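The structure appears right after this line, and notes come after that.
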Amino acid sequence: MVKETKFYDLLEVPPTASEAELKKAYRKKALRLHPDKGGDPELFKEVTHAYEVLSDPDKREVYDRRGEAGLSEQGGMGGMDPQDLFSQLFGGGGGFGGGGFFGGGGSSRNQGPRKTKDLVHRVHVSLEDLYKGKTTKLALTRNIICSKCAGKGGKDGAVRSCHSCHGRGIKVTMRQMGPMIQQIQSACDECSGTGEVINMKDRCSNCKGKKVIPEKKFLEVHIDKGMKGGQTVMFRGESDQSPTAEPGDVVIVIEEKPHDRFKRQENDLIIDVELDLLSALAGGHFAIKHLDDRALIVNLEPGEVIKNGDLKVIHGQGMPSQRHHEPGDLYVKLTVKFPESIDVEAIPFLERALPPRNPIQTFDKHITIEEVNLDDTDTRTRGGVTDDHMDEDTDEPRVQCANQ
Ligand SMILES: [Zn+2]
Ligand SMILES: [Zn+2]
């Protein structure tokens, strides 16, 4: 004797219905009520929920004994997504090509068909290849549906629903904890969570009953000129195949390798160039080997002086933009290398060429003049400088110092 018959009524079966009868009844109703077939989404949800409960012997027992109220007292897990259950029964995606219709009643699930996991692979690309563009071949191993058994895992009829878990692949055990009944969900050990069992002798010899076999596949990844790190190249549907889900995507993530000479900022390039003092003062040339097979010879006009730290730009020699391949700019950061020493006899020429020395500052008569030498700093004095500097970082001693 059952307490309520609502769930049975929804499926139009008597409370004595067997597992198989329930499944059959749900299939029939679900196909008719599926929102993609113009069915009422709310009713579909209710029917699915009813089947979810009744197809689980433990839940069914609670429902029979205590009705719907008994189920809600258990708390915990929460209902399954109707689309998930539907997919489990009918194979990937529910057969009508997509979800999206469960969003109406407060639930915001808006997922497409069930898919296998995307395969994400990072490719480290040199700046040269991002500048010129490149096609790389990538080998990946993914599962494909076994062709011998067409993804069934064995000959027709060999695949049976697992008795232990009633084909769900999961086992729910109830545990009484004081006034609460706790549900514990775990993968079924009989069928390793697949919900199906195939006799050893009936198993497909090609895939050993796994339905899929690994396959090596080569993908041609086209790295477009001007691509940036973090951008992706998608191969739709090239991830693992599965008999119950649509294949996910292979996602190639571009990673830009650091370059030893160029830095990149969006579509601009930045390079450090060290210039000798004579070229900086009197003009000359320097070369920049570019990212392709060109070298740029840069002219320094005589008469113009390059100062240490000057930033110049060469227009149109940066990275190509991805869309129209319009080039950005190349920024040149110039440092001037001074000679270690200079021939004393050459000094008069410098004195002729360069602006005169700054005159020395004059002082009042009462200031004592002392002549001193500049020495190179050695490690000991430099250490002292560092110590002083560290003192400045701590607030307190400085305040005390100022008060003295
Ligand atoms: Zn099982
Ligand atoms: Zn097979």
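The values are calculated or read from the model by the stated rules, or taken from the named source; none is laboratory data. Here the structure is a predicted model, which is why all the values come from computation and not from measurement. FYI the Cβ positions are ideal-geometry reconstructions off the backbone, even for glycines, and counts take in every protein chain you see.
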Determine which single condition H222 fails, assuming it passes every other condition in (1) of a type outside the set (S, T, Y); (2) closer than 30 Å to V53 by Cβ; (3) more than 16 Å from ligand 1 (Cβ to nearest atom); (4) under 30 Å from the mean Cα position of the chain (by Cα).
(2)
Matching option when the condition is surrounded by 11 or more Cβ atoms within 10 Å (Cβ to Cβ) and either among the small types (G, A, S) or over 20 Å from D276 (Cα atoms) (or both), among G309, G318, G303:
G318
Given the condition away from ligand 2 (no atom under 16 Å from the Cβ), hydrophobic (A, V, I, L, M, F, W, C), over 33 Å from the mean Cα position of the chain (by Cα) and surrounded by 13 or more Cβ atoms within 10 Å (Cβ to Cβ), answer yes or no: does some residue in the stretch 192-205 qualify?
no
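Listed here are the residues, each with its yes/no results for (1) closer than 21 Å to K23 by Cβ; (2) part of a loop (DSSP other than H, G, I, E, B); (3) not assigned by TED's automatic domain parsing to the domain that holds S55.
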position: S147; (1), (2), (3): no, yes, yes
position: K152; (1), (2), (3): yes, yes, yes
position: C165; (1), (2), (3): yes, yes, yes
position: R168; (1), (2), (3): yes, yes, yes
position: V172; (1), (2), (3): yes, no, yes
position: Q182; (1), (2), (3): no, no, yes
position: Q185; (1), (2), (3): yes, no, yes
position: D189; (1), (2), (3): no, yes, yes
Suppose the filter is charged (D, E, K, R), touching a helix residue (DSSP H, G or I) at 6+ places or on another chain (Cβ under 9 Å) and either touching a residue at least 12 places away in the same chain (Cβ under 8 Å) or within 16 Å of ligand 2 (Cβ to nearest atom) (or both); does K117 pass it?
no
Please tell me if E220 is out of contact with any helix residue (DSSP H, G or I) (no Cβ under 9 Å at 6 or more places or on another chain) and within 16 Å of ligand 2 (Cβ to nearest atom).
no
Can you name every residue in the stretch 138-164 that is within 16 Å of ligand 1 (Cβ to nearest atom), at pLDDT 85 or above and among the hydrophobic types (A, V, I, L, M, F, W, C)?
C162
Select from the stretch 265-275 the residues that are more than 9 Å from G328 (Cβ to Cβ) and surrounded by 14 or more Cβ atoms within 10 Å (Cβ to Cβ) and list them in ascending order.
I270, I271, V273, L275
S72, sole failed condition from (1) surrounded by fewer than 18 Cβ atoms within 10 Å (Cβ to Cβ); (2) hydroxyl-bearing (S, T, Y); (3) modelled with pLDDT of 80 or more
(3)
Does D129 qualify as being among the acidic types (D, E), surrounded by 18 or more Cβ atoms within 10 Å (Cβ to Cβ) and away from ligand 1 (no atom under 16 Å from the Cβ)?
yes
If a residue must be free of Cβ contacts under 8 Å to residues at least 40 places away in the same chain and acidic (D, E), how many such residues does the stretch 219-255 contain?
0
Somewhere in the stretch 44-66, is a residue crowded, with 19+ Cβ neighbours inside 10 Å, on the phi > 0 side of the Ramachandran plot and either among the β-branched types (V, I, T) or at pLDDT below 50 (or both)?
no
